[in-house]
Structure formats: structure tokens, C-alpha cells
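**Student:** Just passing along the structure, written as C-alpha cells.
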Amino acid sequence: MKKIIIISCILVLCCTAYGQQIKKNNVELDDIISLLGASGYEVFSFDITEMLNERYDIVFTKKEFLKGKEIKSSDLATVSNKSLLTDIPESHRQKIIDEGGVIDPKTQAISHAERFSFGFFPSGNDSTKTMQLEVPGFLKMGRIPFKLRGLSTKDSDKLMFLYFTRPFKLVAFKEEEFIPLILLGSGWYDEKYNVFRFCGEIEIDPNMSSQILKDTPPLCYRCQICQETITKKWHTTNKFLAK
């Protein structure tokens, strides 16, 4: 026997509503975003067009914190925000010029990065969160794993993995200084009310002073991906590069 599942909606009204109907509506983008978010999919996008006046190395870094202390830091990727004609072998440059491939004659740029994004999605394993990093036209890294720490209550040893994202308040760039962008933090167990929580500021202060972080007890593993950061680095090899 085939099993048929029918989704229905019963309207309980205080008055007679003969002849009234529910009409089918077009699915909006917000509906899709809400559904994906409820399923563990999140995307954060950042505009970096203000950096296009110079050529920079963009360094993406992951930092881990436990009980408020940084325990690990690792670079995920480094990518330049511009590609120049001088990056191409000299034998191919004239063809690029003839085809109109130089988008900025002043700097001889042939492409530049205007934005980047972080995408979080389920890995199929409760103890792992997965991330994709993309700088369109320059970099795409998929399935970057982040190990999570489980939480338990005083009455049970069963582990639960409850992690939530929060953006940092964005600040202006300073040379050689990392800027925090996204926090992926663990919830914590509230013994008084027997619930797991992750509540507080919607945007986190870059200096990690927000109350939402101070409230986290020792049981909680906080900031598995505490900071996704960018920094400008100057080079000496080219007037458009810096280090």
C-alpha cells in the first residue's frame, strides 16, 4: 500500500467564511533563505570594493577559543584582490590588451575582487560544521571542516551540538591588523531553567568584550570559528603590491 501524506491547513474562524479560499502564492527569496537557515545553511557576504585603490593580499584566518582563551590559529587562504597584466607571461600580454582585457589602464589590472563570502552548511555529522569560502574569480574553497564540542546536562551524558553564528561589528581597515568578521559559538547549559542558551548581542564587538561571550561558562566550547579575518599586507616587489 502506498503511503500518501497530505499537508492540510484548518482554519478556525469566529465567523462564517463561505466562499473564501486560500490562494497559491509565488515563493519569495526570503522564503527560501528562511528554509535554508532552518536546515543549517547560512551565507555571509562582504563588499571589499573600497580596497580597489591598491593591491593587497587578503588573508583569511580561523581562530579557536576555549573558555575565553585562544587555543589555536590557522590561515585558511591568502589571495590577492587584483590580477595585473604583469602577472601574465609577457608573450600573452599583447593579446589580452588587444581583446580589451585590461579593466583599469592606470594600474594595468585585468581583474579584481569586489566581494567574498562564507557559507556554512551541515556536514552530515553532528560534531562537524562545514564552511565554504569564496572570492568570485579568485578563490573557491569548499568543505572546510570545523570540529565542534558537545554539551551535556548535569543529568545526562548525552552530547548535544548547538552552535550559532553572530557577525562582528565591522571596523575600518588598519595595516597589518586582522578584522574579525564571523563568530561561530557554542550554546551553554542554563542549570537554573534546564535549557541550552545562546542569547545576547546580535553583533559582537571586535575586541571580544560583548556580554554574550562573558556569559559563556567553562562547560561551553566557544568560538570554534571565532574569527574569519582579513588583513592588508604590503609587498616590495611591485609598486602595486606591498608588505
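The numbers here are math on the coordinates, done by the rules we state, and not lab data. A quick note: this is a predicted structure, and the numbers were derived from the prediction, not measured. Note that we place each Cβ from the backbone using ideal geometry, even for glycine, and neighbour counts take in every protein chain shown.
**Student:** Would you calculate the separation in nanometres between label points at SER39 and GLN94, each defined as 7 Å from the Cα along the Cα-to-beta-carbon direction?
**Tutor:** 5.3
**Student:** Sorting SER127, SER209, SER111 on the 10 Å Cβ count, fewest up front, what's the list?
**Tutor:** On the way: SER127 13, SER209 9, SER111 18.
Sorted ascending by nearby Cβ count, the order is SER209, SER127, SER111.
**Student:** Also: Residue separation times 0.36 nm, minus the C-alpha to C-alpha distance between ARG115 and PHE161: what's the value?
**Tutor:** Values: separation 46, 0.36 × 46 = 16.56 nm, distance 3.10 nm.
In short, 13.5 nm is gained.
**Student:** Follow-up question, since we're still on this one. Using a simple spin-label model with points 7 Å from Cα along the Cα→Cβ vector, what separation in nm is obtained for GLU28 and PHE46?
**Tutor:** About 3.0 nm, to one decimal.
**Student:** Counting only the backbone N, which residues of the range 42-79 are under 17 Å from the spot 7 Å out from the Cα of ILE103 toward its beta-carbon?
**Tutor:** The answer is 46-58, 79.
**Student:** Now for a different question. R0 = 45 Å: FRET efficiency of GLU191 with GLN132, Cβ-based, nearest 0.05? Kindly include the intermediate steps, with their values, before the conclusion.
**Tutor:** Numbers: r = 37 Å, r/R0 = 0.81.
The formula returns an efficiency of 0.80 here.
**Student:** So, one more: For the range 30-230, report the translational diffusion coefficient in µm²/s to the nearest whole number, using Stokes-Einstein at 10 °C, 1.306 mPa s, and a Kirkwood Rh over Cα pairs.
**Tutor:** Details: Rh = 19.0 Å.
The calculation lands on 83 µm²/s.
**Student:** Also: So, R0 is 35 Å and r is the distance between the beta-carbons of LYS69 and ALA172; what FRET efficiency does that work out to, to 0.05? Working shown, then result.
**Tutor:** Working: r = 27 Å, r/R0 = 0.79.
Efficiency computed from Cβ-Cβ geometry: 0.80.
**Student:** While we're looking at this one, here's another question. Order by neighbour count: ARG115, ARG55, fewest other Cβ atoms within 10 Å first, most last. Intermediate values should be presented prior to the final figure.
**Tutor:** Working: ARG115 12, ARG55 22.
Ascending number of Cβ neighbours within 10 Å: ARG115, ARG55.
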